[in-house]
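Participant: Please read through the structure below; I'll follow up with questions.
Every read-out reported here was derived from the displayed coordinates using simple, explicitly stated rules and does not represent laboratory data. Note that the structure is predicted; figures quoted are calculated from it, not measured. Cβ placement follows ideal geometry from the backbone for every residue including glycine, while neighbour counts extend to all protein chains displayed.
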Amino acid sequence: MQSTLLVLTCVISAVAALGQRNDEPSPVVAARQAVVTPPPCAPIVPEPTEEETEARHDAFANAFLVTKNLTNAFEYISSTYINHNPFAEDGPDAALDFLGPVWPGIQITVLRTKFQGDQGWLNYQASGIGTVVDRFRWESGCIVEHWDVGEVYPEDES
Ligand SMILES: *[C@@H]1O[C@H](CO)[C@@H](O)[C@H](O)[C@H]1NC(C)=O
């Protein structure tokens, strides 16, 4: 299993390096401007049930992996979002800056998704990256934390 962000960092560095020409806007900046940043997710009061949060997790997964609409996906990300990847900064803006330029060019195959308690998992294949497991913690209907280094997809107990 590989880290999405680690590989994407290399892609971004390569794209950024290509952009270092005199007075041409860098392709990273141009692509970033194409992604509309939504307002951050507003905490829902009273706290949604696990079922309601699971429905939001499913909608987030669909936006992030199937329609690949980052504006829609980031409507579920809190302004206090903590990214537990050593190569990524916290906050939705850093994540959008990072994903915006590369996400449209990556082919995604969804393998499975799961929600349990207050956490959701996504397991997918991403072209040029490999098999990814993302784990998200939800609070008041919003994603507040993310892990993607060495995550193991939880198997159903039987
Ligand atoms: C992407 O999502 C945003 C926010 O939900 C929506 O306004 C926009 O129309 C969507 N874009 C496309 C191409 O569907």
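Participant: Could you calculate the FRET efficiency of residue 87 with residue 49 from 1/(1 + (r/R0)^6), where r is the beta carbon distance between them and R0 is 25 Å, rounded to 0.05?
Facilitator: In this case the efficiency is close to 0.10.
Participant: Could you list the square roots of 5 times each eigenvalue of the Cα gyration tensor of the range 62-158, that is, the equivalent ellipsoid semi-axes, sorted largest first and rounded to whole Å?
Facilitator: Three semi-axes, in Å: 19, 18, 13.
Participant: Translational diffusion coefficient, Stokes-Einstein: compute it for the range 49-112 using the Kirkwood radius over C-alpha pairs as Rh, at 20 °C and 1.002 mPa s, and state it as an integer in µm² s⁻¹.
Facilitator: 168
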